[in-house]
Amino acid sequence: MENLGRADASIFCEGEYACFINFPSLVYPDPESWPEDPPTEDSVYTYKGCHHPNGDGYNEWGWFTPGDTGPSLTELAWEAFGELSVPDFTLAHSPPVQAVIFVDTWWWAEGPSDGEVRGSSAGGVVAIAEPSRLDVDPGDGSGVLDCPFTVRESDA
């Protein structure tokens with residue numbers, strides 16, 4: 001881990017692993033696994049070391065070609081956000097008849113469970129959401145109500 005403080009090392013995470021990468025590599029594999037020729041003349045040979053808090057770790061050597069980095073983290077985040085889907089639910093209320101006036105009404109989402117909603121992975125990035133509110137238009141001309149998100153009948 002002595003390379004973590006070096007200016008030529010980049011520090012990042014891969015899951016629960018703390019990783020660093022040298023551009024170019026400051027160490028090389030043994031001669032039996034020496035790299036093939038670079039894919040382009042701009043390619044740089046790199047070394048990556050990753051360490052897990054439980055003591056596990058791994059090292060990798062490989063070629064990095066500038067301009068061949070794939071989507072940015074922002075692009076992956078937007079893609080992951082697009083993969084997020086809120087589970088189907090119906091809007092339930094109490095009292096069960098909406099035509100009662102001057103009576104408190106409680107609203108809840110019937111169908112989904114409490115807690116976070118996870119989307120599918122987009123290049124290793126996963127969008128996680130936790131619903132916080134329901135916008136309810138009771139249809140009586142009073143306007144949209146901003147209600148706390150809940151999945152259970154309650155008088156709160």
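Heavy-atom accessible area, probed at 1.4 angstrom with all protein chains present, ranks Thr90, Thr46 as Thr90, Thr46, highest first.
For the stretch 98-156, which GluC sites (Glu not before Pro) are in a loop by DSSP, counting at most 11 other Cβ atoms within 10 Å?
For GluC sites (Glu not before Pro) across the stretch 98-156 that sit outside H, G, I, E and B with at most 11 neighbouring Cβ atoms in 10 Å, the list reads Glu116.
Measuring only protein heavy atoms, the 1.4 Å probe finds Phe23 accessible over about 80 Å².
Applying 1/(1 + (r/R0)^6) with R0 = 30 Å to the Cβ-Cβ distance of Glu83 and Trp61, what FRET efficiency is obtained, to the nearest 0.05? If you can, show how the numbers build up before the last one.
Numbers: r = 33 Å, r/R0 = 1.09.
About 0.35, to the nearest 0.05.
Quickly estimate the mean residue ellipticity at 222 nm for the chain, helices only: each DSSP H run with n ≥ 4 gives -39500 (n - 2.57), and the total goes over all residues, rounded to 500.
Taken over the chain, the calculation gives -2000 deg cm²/dmol.
Charge tally for Val125 (other residues, Cβ to Cβ under 14 Å; Lys, Arg +1; Asp, Glu -1): -3.
Computed from label points 7 Å out along Cα-Cβ, the spacing between Cys147 and Ala129 is 1.9 nm.
Which of the trypsin sites (Lys or Arg not before Pro) found in the stretch 57-153 are in a DSSP loop and have at most 12 neighbouring Cβ atoms, other than their own, within 10 Å? Answer in residue order: Arg152.
Judged by a Cβ-Cβ distance under 4.7 Å, the unpaired cysteines of the chain are Cys13, Cys147.
Available extension along the chain between Ser121 and Phe102 is 2.1 nm, counting 0.36 nm per residue and deducting the alpha carbon span. For the stretch 73-148, the per residue solvent-accessible surface stands at 72 Å², with DNA, RNA and ligands left out and a 1.4 Å probe. The chymotrypsin sites (Phe, Trp or Tyr not before Pro) of the stretch 94-156 that meet both conditions, a loop assignment by DSSP and at most 11 other Cβ atoms within 10 Å of the site Cβ, are Phe102. Computed from the C-alpha gyration tensor, the three semi-axes of the ellipsoid equivalent to the chain are 55, 16, 12 Å, from longest to shortest.
Heavy-atom surface analysis with a 1.4 Å probe gives the stretch 9-64 a carbon and sulfur content of 52 percent of its accessible area.
The values are calculated or read from the model by the stated rules, or taken from the named source; none is laboratory data. All values reported here derive from a predicted model rather than from experimental measurement. Positions of Cβ are generated from backbone atoms using ideal geometry, with glycine treated the same way; all protein chains shown enter the neighbour counts. Accessible surface areas use protein heavy atoms only, side chains included; no ligands, DNA or RNA. Shrake-Rupley method; radii C 1.70, N 1.55, O 1.52, S 1.80 Å.
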